[in-house]
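Working notes for the structure below.
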Amino acid sequence: MRALQIDHFGDLDVLALVDVPEPHPAGDEVLVRVIASAVNPVDDKTREGAIGEGTPPVPMTLGWELAGVVVQAGTSGLPTGERVFGMSHQLATGRGTWADLVAIPAASIARAPSSVSLVEAATLPLPGLTAWQTLDWLQVGQGDKLLVAGAAGAVGGLAVQLARARGAQVDALVSRQAQIEVVRELGADHATTDRTTLRAGAYDAVFDTFGAFVTDAVADGGRYASIATQAGPVPDLSHRRVATTVNQVREDGNGLAELAAAVDSGRLRIRVGAQYAVHSAKAAHEHFRRGRLTGKIALVF
Ligand SMILES: NC(=O)c1ccc[n+]([C@@H]2O[C@H](COP(=O)([O-])OP(=O)(O)OC[C@H]3O[C@@H](n4cnc5c(N)ncnc54)[C@H](OP(=O)(O)O)[C@@H]3O)[C@@H](O)[C@H]2O)c1
């Protein structure tokens, strides 16, 4: 079967579509025939060797998310042929999803949303779970005032929609004028490119996707979560009784089921910017790295 692997770190030329043995699923795993996956910032950093300590050994298959059909169900109870989607913590396990077949724990997948294609579904697991779990940590609920920094990005755009669905009022910090209309359509009330206009202490919670560290914006006693691991820790705000974290996404089949339900009920819209066949992975990455994305870059197997 085919897998997109690297055997050393470097620029895009190190990405190679190679022939590897098919995986043998363990008892708690499901064998999935992958229809699509997607490119995420972490894949780029891993390939470049920018993650450092904790990177799995080479050769490794890259990729964190998948959508496909069940080939061997193991003990999962899922029917063969079921449409599923899932997230694999590639850095923690070395189990990449950019392959024709992936053996993945049943607890890390869920039935894919029925109202979208598997290509669309494949772009949701990593940013969707990141948004969902970080909103949980921030305890975002009815009537809360939330600021999302980087709100037009993959994680940010989902966070805006999911927070609105929880009844929060959501404002957005974005990088350029063109993104203001985008995040308003996703449900943001107020959107700005200018962090100096953010009112001090105006937010119960701040969801920071790029290391903005707009800590003045959070109210005393509030919550501040960053997901920008490589930007370092959030400054200590304990003197203002603000809880802080750099949140790390976890595999979570139940969370994926919640996301699928949100998609199928129309509360969550998936944005795909472009799709590429897996043998054009280099072109997909070049597109990804040019930035100014309007949605995620899908890889189709
Ligand atoms: N901790 C975790 O578990 C976890 C999980 C998922 C992702 N992440 C990390 O979270 C980050 C976001 O991921 P993503 O998939 O959402 O990436 P993304 O789609 O590239 O989104 C990042 C967003 O931040 C915006 N941005 C960047 N710099 C900005 C600035 N100075 N001012 C305003 N906006 C700015 C970008 O705007 P432009 O389009 O203009 O650049 C883009 O809209 C990445 O670093 C990723 O590695 C962490």
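What follows is calculated from the coordinates using simple rules that are stated; it is not laboratory data. Just so you know, these numbers come straight off a predicted model, no measurement behind them. A quick note on method: Cβ atoms are made from the backbone with ideal geometry, for glycine too, and the neighbour counts reach across all protein chains shown.
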Amide H partners (placed H, <5 Å) of Ala38, local residues excluded: Trp64, Glu65, Leu299
Percentage relative contact order, segment 84-190, counting C-alpha pairs under 8 Å, at least six apart: 20
Estimated vicinal HN-Hα couplings, Hz - segment 7-16 in sequence order (Karplus 6.51, -1.76, 1.60; Gly, Pro = x): 10, 7, 8, x, 6, 4, 5, 7, 6, 9
Under-5 Å amide H pairs with Ala149, H placed in peptide plane, nonlocal only: Leu173, Phe207, Asp208, Thr209
Highest-MSF residue in the chain out of Gly273, Gly156, Gly96 [GNM, Cα springs under 10 Å]: Gly273
In Hz, Karplus ³J(HN,Hα) per residue of segment 278-292 (6.51, -1.76, 1.60; θ = phi - 60°; x = Gly, Pro): 4, 6, 10, 4, 5, 5, 4, 5, 4, 4, 4, 6, 5, x, 6
Acute angle (nearest 10 degrees) that the helix 253-264 long axis makes with the longest principal axis of the chain, alpha-carbon atoms: 70
Charge dipole magnitude, Cβ of K and R +1, D and E -1 - the chain, Cα centre, debye nearest 20: 640
Contact order relative to length of the chain, as percent, for alpha carbon pairs under 8 angstrom and 6 or more apart: 18
Lys/Arg +1, Asp/Glu -1 at C-beta; the chain dipole; positive extreme among Ser117, Ala225, Ala202: Ala202
Mean separation of Cα contacts under 8 Å (6+ apart) over length of segment 127-246, as relative contact order %: 22
Scattering curve values for the chain, log₁₀ I(q)/I(0), Debye with Cα scatterers, q = 0.07, 0.15, 0.16 Å⁻¹: -0.26, -1.15, -1.28
DSSP beta bridge pairing in the chain, given as percent antiparallel to the nearest 5: 55
J(HN,Hα) series, segment 120-126, from Karplus relation 6.51 cos²θ - 1.76 cosθ + 1.60, nearest Hz, glycine and proline x: 5, 4, 5, 8, 9, x, 5
